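The values are calculated or read from the model by the stated rules, or taken from the named source; none is laboratory data. None of the values given here were measured: they were computed from a predicted structure. Every residue, glycine as well, gets a Cβ built from its backbone with ideal geometry; the counts of neighbours run over all protein chains shown. The area values use the complete protein model at the heavy-atom level, side chains included, leaving out ligands, DNA and RNA. Shrake-Rupley method; radii C 1.70, N 1.55, O 1.52, S 1.80 Å.
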Amino acid sequence: QVQLVESGGGLVQAGGSLRLSCTASGRTFNTYTMGWFRQAPGKEREFVARIRWSTTNYADSVKGRFTISRDNANNTVYLQMNSLKPDDTAVYYCAADRDTWGTSPSVYDYWGQGTQVTVSS
């Protein structure tokens with residue numbers, strides 16, 4: 001069982017930056033694919049970024065602005081978000097799975113509670 005706890009959300013003006021953190025329980029954190037997803041009001045949950053070992057991948061909408069990274073010693077994955085836009089406003093979720101390299105939320109077994117990110121124009 002893996003438990004995930006996100007932090008770092010908040011309110012920021014367009015063009016600003018935020019860093020989200022997700023701390024995981026479990027002794028095999030470094031073997032898991034870690035993903036960030038987001039869900040805006042009235043929309044489906046969508047893929048943002050993922051990392052497995054040192055391989056990363058991003059949604060086109062955030063490429064060049066967001067960076068995912070992990071600190072295996074502290075069981076933490078980060079999402080550095082720069083040049084934020086109002087369209088980035090959503091609840092951001094951290095997810096983990098031992099086996100997948102997918103981008104669909106349905107293939108991830110473990111989820112955090114979410115953290116709100118609001119970008120004002």
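When the Cα centres of the stretch 1-69 and the stretch 81-107 are compared, how far apart do they sit, in Å?
Computed from Cα coordinates, the inter-centre distance equals 5 Å.
If each of ASP87 and GLN13 carries a label point 7 Å out from its Cα toward its Cβ, how far apart are those two points in nm?
2.2 nm
Pairs of alpha-carbon atoms within less than 8 angstrom and 6+ residues apart define the contacts here; what relative contact order does the chain have, in percent?
Value for the chain: 36 percent.
Quick one: Cα convex hull volume of the chain, Å³ per residue?
91 Å³
Rounded to the nearest percent, how much of the accessible area of the chain (1.4 Å probe, protein heavy atoms only) is carbon and sulfur?
Heavy-atom surface of the chain belonging to carbon and sulfur, 1.4 Å probe: 44 percent.
Assuming 0.36 nm per residue, please report the length gained on full extension of the stretch ASP60 to GLU46 beyond their Cα-Cα distance.
3.9 nm
So if we plug the beta-carbon distance of ASP71 and SER106 into 1/(1 + (r/R0)^6) with R0 = 35 Å, what FRET efficiency do we get, rounded to 0.05?
0.80
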